[in-house]
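One structure below.
Values in this text are rule-based calculations from the coordinates and carry no lab data. It should be emphasised that the depicted structure is a prediction, and the values quoted were computed from it without experimental measurement. Every residue, glycine as well, gets a Cβ built from its backbone with ideal geometry; the counts of neighbours run over all protein chains shown.
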Amino acid sequence: MTTRLTLIGKPDCHLCDVASEVVDAVIAELPDAAAESIEVVEKSIADDPALYALWWEKIPVVLIDGELHAHWRVSPERLRSALEKATR
């Protein structure tokens, strides 16, 4: 079963870049079987008016399987815990 992590941001967004780095680092630290079952999808509010309307005040936003996990700042520890749980 695949776990989908969606990172919603926009170009030239420092916090979005940091969030992307946190996501990459956390996934890299997971056991291979868990890491391989995670699909990372990046979306930009600049490309999607509906995403913009929902999230413009909160980017970067991380969704795990469509559920809000975090916005503004992504805690590596909290993300690791959530992904471990989601990939069990």
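Can you order the peptides 72-78, 13-19 by their average number of other Cβ atoms within 10 Å per residue, highest first?
Values: 72-78: 13.0, 13-19: 15.6.
Ranked from most to least packed, the peptides come out as 13-19, 72-78.
List the aspartates and glutamates whose Cα lies under 18 Å from the Cα of residue 10, skipping any in the same chain that are fewer than 8 positions away.
Answer for residue 10, where 18 Å is the Cα cut-off: 21, 24, 42, 47, 48, 57, listed by chain and number.
Calculate for the chain the 222 nm mean residue ellipticity that helices alone would give, adding -39,500 (n - 2.57) per DSSP H run of length 4 or more and normalising by residue count, nearest 500 deg cm²/dmol.
Estimated from H runs of four or more residues: -13000 deg cm²/dmol.
Where Lys and Arg each count +1 and Asp and Glu each count -1, what net charge lies around residue 38 among other residues with Cβ under 14 Å from its Cβ?
-4
Could you grab the relative contact order for the chain? Cα pairs under 8 Å, six or more apart, rounded to a whole percent.
Dividing the mean separation by the residue count of the chain yields 43 percent.
Round to the nearest 10 and give me the degree value, 0 to 90, for the angle of helix 76-86's Cα axis relative to the longest principal axis of the chain.
Taking Cα atoms only, the helix is inclined about 60 degrees.
What angle do you read, to the nearest 10 degrees and between 0 and 90, between the alpha-carbon axis of helix 14-29 and the longest principal axis of the chain?
It is inclined by approximately 10 degrees.
What is the dipole size for the chain, taken about its Cα centre, with +1 at each Lys and Arg Cβ and -1 at each Asp and Glu Cβ, in debye to the nearest 20? Kindly include the intermediate steps, with their values, before the conclusion.
On the way: 9 positive and 16 negative charges, 67 e Å.
Once rounded to the nearest 20, the dipole reads 320 debye.
Most mobile of 57, 21, 39 per a Gaussian network model of the chain (Cα springs, under 10 Å)?
Maximum fluctuation in the GNM of the chain, among the listed residues, is at 57.
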